[in-house]
Every structure is written in C-alpha cells, then in structure tokens.
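Asker: My structure is below; once you've seen it, I'll send some questions.
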Amino acid sequence: MKEKVTYKLDRIADIWNSYIWEYEFCKKRIKFTPEVQTNYFGDILGYFQDTFDIIFDNRNSKSYADRFSNQISLLQSIYVQQDFIEELLIIFKCGINKRDLKKDSNYLINREIRNELVGHPIRKHKGQFISSCLFGYNGGSDKIVYLRYHKDNDYKFESMEYAVSEIIHRHKDFLNNYFDKILIKLKKILTDFTKEIEKIESLIDKKSLEEILKISEVFYESIFEYDFIYDKESLLKINKRKEEHKRYENLIDKFYQDLRSSLKEKREYAVELFEPRKRIENNDIEKPIFDISFVDASQISRDNIERPVTYHYELGKLATKRNPMDFDFFGGCLRRKCSKNELVLNELDHMESNIYNDIEYFTAYRLICSELNED
C-alpha cells in the first residue's frame, strides 16, 4: 500500500530536481514563488516520507495510552498530508482548491474524524457549545472509538467507531488520486520541454555558436553549469581563437559534445520517468555462473603484476587546487607520469603560466584530459 504512493512521490521529486528546479521554461509553468524557491518544497517531500510509516505501518499498542497516541499520530499525519496535497496542487497549478477537496469523501471523512477527536475535542462557535468528544476504552488497535455529544443530536451520547484499515485505505486512495493529477500536469510540462530540446538538437548543426548559446540561455541554461568556462562570454572568446591552437578548438568541440549528450539524456529521461513501472520477479533474474579457481599466492611474483597508469587523481586536483604550491606538486606528479608526452608537458607549462586566467588554464587542462582519455 505504501510502496505505490512512495513511488509516485519519488517521481514528483525526480521531476522537480531534474527539470523544474533546473529550467526557467519549466518554472514558468508552475507557481514558482519566492517561498517555493527556498527549501519549502523539499520540506514537504520530507514530511511525506517521514510520516508514511506512521500511516501505513501497523503498530502494536501495549496500553490505552499507546493506542491513543498511535491513533492521534495517525490522524494528525493524515491531516497534515492532506494540507500538503492541497499545497502541491497549488504549486503545480492543477486547478484544484480546498472547495474541490471537500467534495472528495476520501478527504472529508478522515478530516472530520481528525477535527472532532484531535483538532477540536471541545468545539464552540461564537461562544455556543457545539460538541465534545473523548476516546473510548472499548476499542482496539484495529478501530478508533470515541464518545461524542453533539448539538445536532441534542447532546445525546453517541459512540463513534471507525475501522483503522478503512481510514488508511481512504487516505491511500486520496494520495494516489492527487499524485496522479500532479503527475499528469508534470507530464504535460515535460512533453512541452522535450519539444524545445528537440528543436535545439535540430539547430546545433545549422546555427552559429552564438545563436545556440542564446537559445540555450532561454531553454537549456543548465549547460552553462556543465563544466568550467562554459559561460557564454568565455565560450564566445574561445570560439574566436579556435584556429590559433588545438586547446581552443578542443574546448569548443567538447562543449558541442556535452550539449548533444546532455540534451539526449534529458530528453530520454523525461520519457523514462513516465514509463510503466517494471516489476522484476525472482524467477526472471538470471543467476550468474561463477567459475572459481584457486591459485597459490606464493607463486605470484609482484614484479609480474602490471599496474595501469592512471591520471584521474592528479587531474582532479589540478582542476580545483589553483595555487602555485599545489600546482607545483600535482603538476609535477603528472609531468613524471607523462614525461614522454610533449603535448601534456606543453599544456602543463601553459597552465602554470596562466594559473589565474580561467580561459587559458582550463582550455589547456581540457586538452590534457582529452589527450589522456580522462574526459
């Protein structure tokens, strides 16, 4: 029961993190207020995750106090989740408000139980006594029982009983229904967004770099955070110099490569998010066959073990440790490993001479990465 609603909430979170938060095009299609720009949305998702166990997991009660505490927690968690659903519907502009929710019995019945028993156990309106409620001791963990005296019944005693399973089932249907409505809206947003991605993909080979960057500023701004010096100004400067040296041409080629792969990845992921959920049965899992052979370790000579040369560590440090002392150390390590590679040695010299010049430093750095297949 919990698994299905959790899965849908995870899809909403994935879309938020990968698309809504990243792209102005998507933000404009929801109510992206200053409050939403804070961690407000993340707090809502976190509260859902924190309270799913309270609602959907059975908990034993060893005493009346335990039972009342568990039932209050259940009703209050449902109540707050209802409020957060209302908030999500507003954020995603689903066209559904509280008045609409009150027409939904899965919302209204549970909310009234909570309001009577937890929210307003003694209720007055304009000074007039309306009702009072208190927990009944004759219930069990499987049902909520309370005693009610209400104006509508001439304050005569009533015993109210609600099966916990029915309360949870109503809330489960409520969540599934409105998560589905939110996902329908998000699917429309992502469908429109992927159309813009396809337009950019079709224009890459037809438009100049400057035109592609202008289009990306409007529809695909995340590319500018993809790597060092991928800002518009730097890219245009580098592009003008791509005939001067291979390092500039390489950087522009890499930008186009990253743009194409990123667009493809975003387009495919937008489709994948709405594909039917796959269930993997144990019988469908092919069990691997292991062929294990034992070797006497004493017969293996350390001299015969060839260790591959790697450059990832040094390159990682050179990308982030930009000061003469660190460059001297990590650049020196890389020089020793690449002592016969003239291109790498020349570009390291160029980096060292331009350690505080972003364009010169990182174009040389990226050429080294390409040369060593460390892109």
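Any read-out appearing in this document is the output of simple, stated calculations on the displayed coordinates, not a laboratory observation. Since this is a predicted model, take the numbers as computed values, not measurements. Cβ atoms come from the backbone with ideal geometry, glycine included; neighbour counts cover every protein chain shown.
Asker: Read phi for every residue in the stretch 89-103 and hand back ³J(HN,Hα) as whole Hz from Karplus 6.51 cos²θ - 1.76 cosθ + 1.60, θ = phi - 60°, with x for Gly and Pro.
Answerer: Karplus values, whole Hz, x for Gly and Pro: 5, 6, 4, 8, 6, 8, x, 10, 10, 4, 4, 5, 4, 5, 7.
Asker: Taking only Cα atoms, what is the 0 to 90° angle, nearest 10, from helix 2-15's long axis to the longest principal axis of the chain?
Answerer: Orientation of helix 2-15: about 40 degrees from the principal axis.
Asker: Report the one residue of SER61, SER339, PHE32 whose Cα lies farthest in the direction of the positive end of the charge dipole of the chain (charges on C-beta: Lys and Arg +1, Asp and Glu -1; origin at the Cα centre).
Answerer: Most positive-ward Cα: SER61.
Asker: Now for a different question. Report the residue, chosen from ALA364, ALA13, ALA319, that carries the largest GNM mean-square fluctuation when the chain is represented by alpha-carbon nodes joined by springs under 10 Å.
Answerer: Among ALA364, ALA13, ALA319, the largest GNM mean-square fluctuation belongs to ALA319.
Asker: Can I ask one more? What's the exposure ranking of CYS94, CYS369, going from fewest to most Cβ atoms within 10 Å? The partial results should precede the final answer.
Answerer: Values: CYS94 17, CYS369 20.
Lowest count first: CYS94, CYS369.
Asker: With a point put 7 Å past each Cα toward its Cβ, work out how far PHE129 is from GLU265 in nm, to one decimal.
Answerer: Each label point is offset 7 Å from its Cα along the Cβ direction, giving 6.7 nm.
Asker: Still on this structure, please answer the following. Within a Cβ distance under 13 Å of LEU183, other residues only, what is the Lys/Arg minus Asp/Glu net charge? Intermediate values should be presented prior to the final figure.
Answerer: Working: positive: LYS4, LYS8, ARG11, LYS181, LYS185, LYS187, LYS188, ARG277; negative: ASP10, ASP14, ASP180, GLU275.
For residues surrounding LEU183, the net value is +4.
Asker: Compute the distance in nm between two label points, each set 7 Å from the Cα along the Cα-to-Cβ direction, one at THR191 and one at PHE228.
Answerer: Placing both labels 7 Å beyond Cα along the Cβ direction yields 4.3 nm.
Asker: Here's something else I'd like to know. Could you tell me how many degrees, from 0 to 90 and to the nearest 10, lie between the Cα long axis of helix 41-56 and the main elongation axis, the longest principal axis, of the Cα atoms of the chain?
Answerer: It is inclined by approximately 50 degrees.
Asker: Neighbour counts of other C-beta atoms within 10 Å: give me MET351, MET325, MET160 arranged from fewest to most.
Answerer: Values: MET351 23, MET325 8, MET160 15.
If I rank by nearby Cβ atoms, fewest first, I get MET325, MET160, MET351.
Asker: Which angle from 0 to 90°, rounded to the nearest 10, does the C-alpha axis of helix 342-353 make with the longest principal axis of the chain?
Answerer: 70
Asker: How big is the dipole moment of the chain about its Cα centre under a simple scheme where the beta carbon of each Lys and Arg is +1, that of each Asp and Glu is -1, and everything else is neutral? Debye, nearest 20, please. Show your work: numbers first, answer last.
Answerer: Numbers: 62 positive and 67 negative charges, 375 e Å.
Dipole of the chain, to the nearest 20 debye: 1800 debye.
Asker: Determine, for TYR311, TYR64, the number of other Cβ atoms within 10 Å of each Cβ, and report the residues in order from fewest to most. Before the final figure, lay out each step's value.
Answerer: Working: TYR311 19, TYR64 11.
Ranked by crowding around the Cβ, least crowded first: TYR64, TYR311.
Asker: Express in nm, to one decimal, how much length is gained between SER353 and ALA65 on full extension, taking 0.36 nm for each residue of separation and deducting their alpha carbon distance. Could the numbers behind the result be given before it?
Answerer: Working: separation 288, 0.36 × 288 = 103.68 nm, distance 7.35 nm.
Extra length from SER353 to ALA65 when fully extended: 96.3 nm.
Asker: So what is the calculated 222 nm ellipticity per residue for the chain, using -39500 (n - 2.57) for each DSSP H run with n of 4 or more, over all residues, to the nearest 500 deg cm²/dmol? Provide the component values of the computation, followed by the final result.
Answerer: Numbers: 14 runs with 212 residues, N = 375.
-18500 deg cm²/dmol, from helical runs alone.
Asker: Provide the FRET efficiency to the nearest 0.05 for the LYS143-GLU272 pair, computing r from the beta carbons and using R0 = 41 Å.
Answerer: Working: r = 43 Å, r/R0 = 1.04.
After rounding, the FRET efficiency stands at 0.45.
Asker: Could you check the simple spin-label distance between LEU345 and ASN177, using points 7 Å along Cα→Cβ, in nm with one decimal?
Answerer: If labels sit at LEU345 and ASN177, their model points lie 7.5 nm apart.
Asker: Moving on. Once the other residues with Cβ under 11 Å from the Cβ of ASP43 are scored (Lys, Arg +1; Asp, Glu -1), what is the net sum? Walk me through the intermediate numbers first.
Answerer: Details: positive: none; negative: GLU35, ASP50, GLU87.
In short, -3.
Asker: Just to be sure I understand, if you calculate semi-axes √(5λ) of the Cα gyration tensor in Å for this structure, which of (i) 59, 29, 20; (ii) 62, 27, 15; (iii) 38, 29, 22 do you get?
Answerer: Correct label, based on the coordinates given: (i).
Asker: For a quick check: with amide H placed at 1.01 Å from N, whose amide H comes under 5 Å from ILE130's, ignoring anything fewer than 5 positions away on the same chain?
Answerer: For ILE130, the qualifying residues are ARG123, LYS124, HIS125.
Asker: May I ask which residue of PHE41, TRP21, THR51 lies farthest towards the positive end of the charge dipole of the stretch 1-57, with charges of +1 (Lys, Arg) and -1 (Asp, Glu) on Cβ and the Cα centre as origin?
Answerer: The Cα lying farthest towards the positive end belongs to TRP21.
Asker: Moving on to the next point. Can you give the extra length, in nm with one decimal, that the chain gains between ARG336 and ASP154 once fully stretched, where that is 0.36 nm per residue apart less the Cα-Cα distance?
Answerer: Working: separation 182, 0.36 × 182 = 65.52 nm, distance 9.32 nm.
Gain in length upon complete extension: 56.2 nm.
Asker: In terms of modelled amide H atoms, which long-range or inter-chain residues lie less than 5 Å from the amide H of GLY136?
Answerer: VAL145, TYR146, LEU147
Asker: For the stretch 260-276, what does the Karplus curve 6.51 cos²θ - 1.76 cosθ + 1.60, with θ = phi - 60°, yield as ³J(HN,Hα) per residue in whole Hz, taken in order and with x for Gly and Pro?
Answerer: For the stretch 260-276, the Karplus curve yields 4, 5, 5, 4, 4, 5, 5, 5, 5, 5, 4, 6, 4, 4, 10, 6, x Hz.
Asker: Taking θ = phi - 60°, what integer Hz values does the Karplus form 6.51 cos²θ - 1.76 cosθ + 1.60 yield along the stretch 65-81, in sequence order, with x for Gly and Pro?
Answerer: With coefficients 6.51, -1.76 and 1.60, one gets 4, 4, 5, 5, 5, 5, 6, 5, 4, 4, 5, 5, 5, 4, 4, 5, 4 Hz.
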